[in-house]
Amino acid sequence: MKRLIVLALACALAPLASATLYKYVDKDGKTVYSDTPPPSADAKPIHVTPSAGNGGPASKPANVLEKELEKGRALAKAREKKTEAAEQKAKLAEQRCEQARAIYRTYEDGGKLLKYNDKGEREFLSDEEIEAKRVSTKKEMDEACAGS
């Protein structure tokens, strides 16, 4: 709101901010523009007002500027949200990769491993089952850690 008031005040005072320039021809025949009149030459005063048609902020109405500002804020917020989502996705991918590595190390280390059968009883995995699990877990680990 304060920005809007300052902008309106600046637009209201812009026509009052005019400058006086002096135009004269020097002894070499060149046309010179200056903000102070020359002591010896015949100078013509020129009143210059700032142009609002240069595409700057003064050339647009306040409501248009406010809409553009709001649009910029929305874009910045969307970019921030997208960045946060990408960071979260990268964090989850890293966790998935670590979990896959831990499971793979279990099969890689060897030893006797247990599983539960259909009856809910524990039984040892055979060497072939351990090797098959190691290969499948290696594949899963490679997929999970591909982006890391």
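The values are calculated or read from the model by the stated rules, or taken from the named source; none is laboratory data. Every value quoted in this text rests on a predicted model; they were computed, and no experiment measured them.
Per-structure values
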item	result
Considering residues of the stretch 133-148 that are modelled with pLDDT under 90 and among the aliphatic types (A, V, I, L, M) only, the residue nearest to the chain's Cα centre (by Cα)	A146
Strands (runs of 3 or more DSSP E) wholly inside the stretch 20-129 containing at least 3 residues that are modelled with pLDDT under 85 and over 22 Å from D142 (Cα atoms)	31-34, 44-48
